[in-house]
1. Can you name every residue in the range 258-286 that is part of a loop (DSSP other than H, G, I, E, B), among the hydrophobic types (A, V, I, L, M, F, W, C) and either more than 14 Å from residue 169 (Cβ to Cβ) or not assigned by TED's automatic domain parsing to the domain that holds residue 207 (or both)?
2. Anything in the range 1-18 that is part of a loop (DSSP other than H, G, I, E, B) and surrounded by 13 or more Cβ atoms within 10 Å (Cβ to Cβ)? List them, or say none.
3. Suppose we keep only residues that are more than 19 Å from residue 275 (Cα to Cα), in contact (Cβ under 8 Å) with a residue 60 or more places away in the chain and not in a loop (DSSP other than H, G, I, E, B) within the range 181-199. Which one would you say is nearest to the chain's Cα centre (by Cα)?
4. Would you check if residue 194 is under 30 Å from residue 94 (Cβ atoms), surrounded by 18 or more Cβ atoms within 10 Å (Cβ to Cβ) and among the basic types (Lys, Arg)?
5. Regarding residue 204, is this residue in a loop (DSSP other than H, G, I, E, B) and closer than 23 Å to residue 282 by Cβ?
6. Within the bounds of the range 139-148, is there any residue that is in contact (Cβ under 8 Å) with a residue 60 or more places away in the chain, surrounded by fewer than 22 Cβ atoms within 10 Å (Cβ to Cβ) and closer than 30 Å to residue 210 by Cα?
7. Find the helices (runs of 4 or more DSSP H) located wholly in the range 86-176 whose residues include 3 or more that are under 23 Å from residue 249 (Cβ atoms) and not aromatic (Phe, Trp, Tyr), and list them.
8. Among (1) among the β-branched types (Val, Ile, Thr); (2) surrounded by 15 or more Cβ atoms within 10 Å (Cβ to Cβ); (3) touching a strand residue (DSSP E or B) at 6+ places or on another chain (Cβ under 8 Å), which single condition is residue 158 missing?
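The values are calculated or read from the model by the stated rules, or taken from the named source; none is laboratory data. Predicted model only: the values in this text are computed from it and were never measured. Because the Cβ atoms are built from the backbone with ideal geometry, glycine has one as well, and the counts that use them run over all protein chains shown.
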Amino acid sequence: MYTTLISAEELLALRAGGAPLMVFDCSFDLMNPAAGEAQYHQGHIPGAVYAHLDTALSDKGSPDASGKVLPPPGAASGGRHPLPSREKFAIWLSSVGFDNGMQAVVYDRQGANYCGRLWWMLKWAGHDAVAVLNGGLQAWQAAGGEVTDRAEPSHFQTNFALGPELRQLATSASVLEGLAGGHQTVIDARPGPRFRGEVEPLDPVAGHIPGALNRPFQSNIGPDGRFKPASELRAEFDQLLGGRDPASVVLHCGSGVSAVPNLIAMELAGLGQPALYAGSWSEWCTDPSRPVEKG
C-alpha cells in the first residue's frame with residue numbers, strides 16, 4: 001500500500017503485477033478551467049480517470065440574483081472551490097468505479113498543485129491507500145511509461161464506503177478560535193506578493209490571516225519536478241516554524257487546493273498530519289468581521 005508518494009517505476013511495477021488500482025489525472029489550470037481536461041484528452045496514463053477540480057472535487061453552487069456564487073447546502077467548506085460533503089464525494093467515487101479495495105494514484109502536470117486535492121479528499125473519506133505520483137506525468141514519461149489519447153471506457157458502478165476521517169478539516173470558526181487562543185500556527189501557500197497583499201488577482205480582498213507564515217507550495221518541489229528529500233523538507237519547515245509546535249499547524253492557500261503540497265511535505269518531513277483549512281483565503285475574506293493583515 002502506497003500512502004504518500006509513489007515513483008513512476010513503482011507505479012509501472014504495480015500495474016504489471018495486476019494489483020487493484022485506479023489512476024486519476026487531476027491536471028488543471030485555474031485561469032482556464034477547460035485546459036486540464038483538454039490536456040488529459042491529448043495524452044494521459046492508460047486507464048486514468050479524469051478528476052475535474054471544479055466539478056468532481058468541488059461543490060460549486062449557482063449564482064444568486066446578484067451574481068454571487070454561494071456554496072450549496074451541505075458543502076463542507078466555502079471559498080472558490082467548496083469542498084463537497086464526504087457523502088457526495090463517495091457518490092462520485094462510486095460513479096467512476098472506485099472501491100475500497102483499490103490503490104489510488106493521483107497525478108497532474110502542474111507540480112502536484114492539483115492532484116494533492118484528491119489525495120487529501122480520499123484520506124478525509126477514510127481511504128489510506130492513495131499516493132501522489134512523484135514528478136507527475138513528466139516523470140512517468142521519463143521512466144518509459146505509455147501515454148495515450150484514447151477515450152477510456154466507463155467503469156461499472158461501485159459502492160464506495162466512507163471510513164473514519166484520516167485527515168483533519170479546519171473551518172473558519174476553528175481558525176478564528178485558534179487566533180484568539182494563540183495556540184495555532186497558520187501557514188499560507190500562496191505566492192509572496194499575494195500573501196503580503198501587494199496583488200490579488202482572484203479574491204475580493206488582499207492580504208492574509210494575521211500572524212500567518214508564508215511558504216509558497218512550489219517550495220516543496222526540487223529542480224527535478226519531484227518532492228525534495230525528507231531531510232531537506234524537515235530543515236526548511238523547522239526554520240519556518242522557528243520552534244512552533246508542528247501539531248498546531250493549519251495549512252491554507254487561496255481556495256484549499258495548493259495548500260496540500262505543504263501538507264504532504266510536512267508528512268514526508270515527519271512533522272505529523274496538519275489540518276487543512278479548505279475554505280482558505282477565498283472563504284476567510286468574504287466576512288469583513290474576520291481580521292486581515294498586510295505586509
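1. Within the range 258-286, the first condition is being part of a loop (DSSP other than H, G, I, E, B), and the residues that meet it are 258-259, 269-274, 278-279, 285-286.
In the following step, the residues that additionally are among the hydrophobic types (A, V, I, L, M, F, W, C) were identified as 259, 269, 271, 278, 285.
Residues satisfying the conditions are 269, 271, 285.
2. First pass over the range 1-18, keeping only residues part of a loop (DSSP other than H, G, I, E, B): 1-4, 7, 17-18.
Across the range 1-18, the qualifying residues are 2, 3, 4, 7.
3. So, considering only residues that are more than 19 Å from residue 275 (Cα to Cα), in contact (Cβ under 8 Å) with a residue 60 or more places away in the chain and not in a loop (DSSP other than H, G, I, E, B), the one nearest to the chain's Cα centre (by Cα) is 194.
4. Numbers: under 30 Å from residue 94 (Cβ atoms): no; surrounded by 18 or more Cβ atoms within 10 Å (Cβ to Cβ): yes; among the basic types (Lys, Arg): yes.
In short, no.
5. On the way: in a loop (DSSP other than H, G, I, E, B): yes; closer than 23 Å to residue 282 by Cβ: yes.
In short, yes.
6. Here is the first cut: in the range 139-148, the ones in contact (Cβ under 8 Å) with a residue 60 or more places away in the chain are 139-140, 142-148.
Applying the additional criterion that residues be surrounded by fewer than 22 Cβ atoms within 10 Å (Cβ to Cβ) yields 139, 142-148.
Going one step further and asking which of them are closer than 30 Å to residue 210 by Cα, we end up with none.
Checked the range 139-148: no residue is in contact (Cβ under 8 Å) with a residue 60 or more places away in the chain, surrounded by fewer than 22 Cβ atoms within 10 Å (Cβ to Cβ) and closer than 30 Å to residue 210 by Cα.
7. Working: elements: 86-95, 115-124, 136-142.
Passing ranges, in order: 115-124.
8. (3)
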